[in-house]
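Read-outs throughout are calculated quantities, based only on the coordinates presented, and are distinct from any laboratory measurement. Since the structure is predicted, the reported quantities are computational estimates derived from the model, not experimental observations. Here Cβ is always computed from backbone atoms with ideal geometry, including for glycine, and neighbour counts include all displayed protein chains.
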Amino acid sequence: MLKHGILGLLNYRSMTGYQIMEVFRDSLNYFWTAQTSQIYRELQTLKKSGFVTDTAVKGEGRPDKKLFSITDAGKDELIRWLRTESCLDTRSRLLMLTFFRGELTAEENIEFFNAVREEVMQFGRSLDKPAESALSYAQYVSSPENSIYWQMTVEYGKMYMKMLEEWCGKCIEMIGENKE
């Protein structure tokens, strides 16, 4: 998925590895995390596959940079992925942890769900940053109207966080009822 995320970003405009990392940090990071080393490693793989090219850009008084651009083959790969990738991923670390929580005490489990709920609430509050980033990055792409899809991902994140917060409350309620 990181490969396709990078191709998607480069489809908007050419960027350095550092710029790609910034976009991940400012907008994609709330639903897909990537370390700087992963991004640079993936860029090299994409280059070897013929999906991106790089151009050296002289840095005046600074180290030279590599500006990465998507190739026609990279655009074809992005479109192929968008048309064929299944969006359902049923794997969930949270649900795996929940499924086996019967091995712990009710108090530990209530503490667990309270901690998850607090983390979800904090994360939900942080979703204003990606919303602002989506609007600011829209000016850099050739089709700013595409930013509506970025806004859709932010809206999904907000709704998902709200659902998780309510679910944690329901789990705590069910544990309490089971204790009695």
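Annotation for segment 31-124: GluC sites (Glu not before Pro) lying in DSSP loop with at most 11 further Cβ atoms inside 10 Å of their Cβ are Glu60, Glu85.
For segment 61-129, the set of trypsin sites (Lys or Arg not before Pro) satisfying both a DSSP loop assignment and a count of at most 11 other C-beta atoms within 10 Å is given as Arg91. Which entry in [x] 30.8, 111; [y] 20.6, 71; [z] 15.5, 44 matches Rg and Dmax of the Cα atoms in Å derived from the coordinates of this structure? Comparing each candidate, only [y] matches the computed number. Convex hull volume of the Cα atoms of segment 1-89, normalised per residue: 101 Å³. Look at the dipole of the chain built from charges on Cβ: of Gly102, Leu88, Cys168, the Cα furthest out on the positive end belongs to Leu88. Legend: ranking of residues Ser86, Ser147, Ser49, Ser92 from fewest to most surrounding C-beta atoms inside 10 Å; resulting order Ser86, Ser92, Ser49, Ser147. Springs join every pair of Cα atoms under 10 Å in this Gaussian network model of the chain, and among Leu104, Leu46, Leu127 the largest mean-square fluctuation is at Leu104. Within segment 25-94, report the chymotrypsin sites (Phe, Trp or Tyr not before Pro) that DSSP leaves as loop and that have at most 16 other Cβ atoms within 10 Å. Qualifying residues, ordered by number: Phe31, Trp32. Among Thr36, Thr53, the order by Cβ neighbours within 10 angstrom, fewest to most, reads Thr36, Thr53.
Would you mind ranking Ile172, Ile70, Ile79 by Cβ crowding within 10 Å, fewest neighbours first?
Exposure proxy ranking, most exposed first: Ile79, Ile172, Ile70.
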